[in-house]
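> I'd like to ask some things about the structure below.
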C-alpha cells in the first residue's frame with residue numbers, strides 16, 4: 001500500500017529461505033521491498049494488507065513486522081500508524097557511526113584471527129575487484145561479500161549478529177554508494193589497504209583503514225541523499 005493509500009505494488013519475487021521459516025521469509029521480502037523502493041519511506045504498513053500482498057497468513061507477517069520495527073526500519077508516525085522509516089541526515093549519521101565502530105572492530109579482530117584460507121580469499125577478492133569494470137550492482141554484490149568475509153574472519157558471534165542487523169537497517173538508504181564509479185574505484189583501493197593490514201597481522205592499522213573506508217562511504221551517501229540536487 002502506498003503512503004497515500006493507493007494500490008498495493010506487486011510482491012517482490014524472492015522466495016522465503018526454507019530454513020528460516022515463514023517469518024524469516026516475510027522479513028526478507030519486506031526488507032527487499034524497502035531496499036529497492038517498492039515500499040518507500042512514509043509508506044503505511046498494515047498487517048492485513050502485507051499478508052495479502054505476500055500471500056501469507058497474518059502470524060508470520062506480524063512477526064516480521066515486529067522485527068522490522070524493533071530494528072528501526074518501521075516507525076510509528078502520528079496520525080499515520082506504522083510506516084517505513086523516513087530517512088534524514090541524523091538517521092544516516094547514526095547508522096554510519098555504528099557501522100564505523102562495528103566494522104572497525106571486525107577488521108581489528110580479523111587481523112588477529114583470520115585463517116590462512118580467509119586471508120587468501122580476501123586477497124583474491126581484492127585482486128578481482130581492482131581489475132573489474134563491472135556494473136554497480138555487480139560491484140555492490142562483490143562489496144557485500146568482501147565485508148561479510150571480514151565479519152566471519154573476526155570470529156565473534158555477537159559482533160556478527162550486530163553487523164547483520166545493522167546492514168538490514170541500511171536497506172532504508174537505497175542503492176549502494178558504489179553506483180558512483182569514482183567511489184567504486186576509491187573503495188577498491190581502500191579494500192586493498194584493509195586486506196594488506198589484516199595479512200600483516202596489524203590490528204591497529206586494519207581498524208584505522210576500515211574506519212576511514214566507512215567514513216568515505218558515509219560522505220558519499222550524504223551526497224547521494226541530500227546534496228546531489230543543487231538549488
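The values are calculated or read from the model by the stated rules, or taken from the named source; none is laboratory data. Because the structure is predicted, anything quoted here is derived from the model rather than measured. A quick note on method: Cβ atoms are made from the backbone with ideal geometry, for glycine too, and the neighbour counts reach across all protein chains shown.
> With the structure loaded, tell me whether residue 167 is assigned by TED's automatic domain parsing to the domain that holds residue 201 and at pLDDT 95 or above or whether it fails that test.
So residue 167 does not fit the description; no.
> Something else about it: I need the full set of residues from the stretch 34-66 which are under 13 Å from residue 171 (Cβ atoms) and touching a strand residue (DSSP E or B) at 6+ places or on another chain (Cβ under 9 Å), in order please.
Within the stretch 34-66, 34, 39, 40, 41 qualify.
> Right, here's the next one. Select from the stretch 83-112 the residues that are crowded, with 19+ Cβ neighbours inside 10 Å and in contact with a strand residue (DSSP E or B) (Cβ under 9 Å, 6 or more places away or on another chain) and list them in ascending order.
84, 85
> For the stretch 1-76, please list each of the helices (runs of 4 or more DSSP H) lying entirely inside it that holds at least 1 residues being under 16 Å from the mean Cα position of the chain (by Cα) and at pLDDT below 90.
Fully inside the stretch 1-76 and qualifying: 21-35.
> Of everything in the stretch 136-159, what is closer than 26 Å to residue 201 by Cβ and touching a residue at least 40 places away in the same chain (Cβ under 8 Å)? Give them in sequence order.
If the condition is that a residue be closer than 26 Å to residue 201 by Cβ and touching a residue at least 40 places away in the same chain (Cβ under 8 Å), then 143, 146, 147, 150, 151, 153, 154, 155, 156, 159 are the ones that fit.
> Given (1) part of a helix (DSSP H, G or I); (2) in contact with a helix residue (DSSP H, G or I) (Cβ under 8 Å, 6 or more places away or on another chain), identify the lone condition not met by residue 185.
(2) is the only condition that residue 185 fails.
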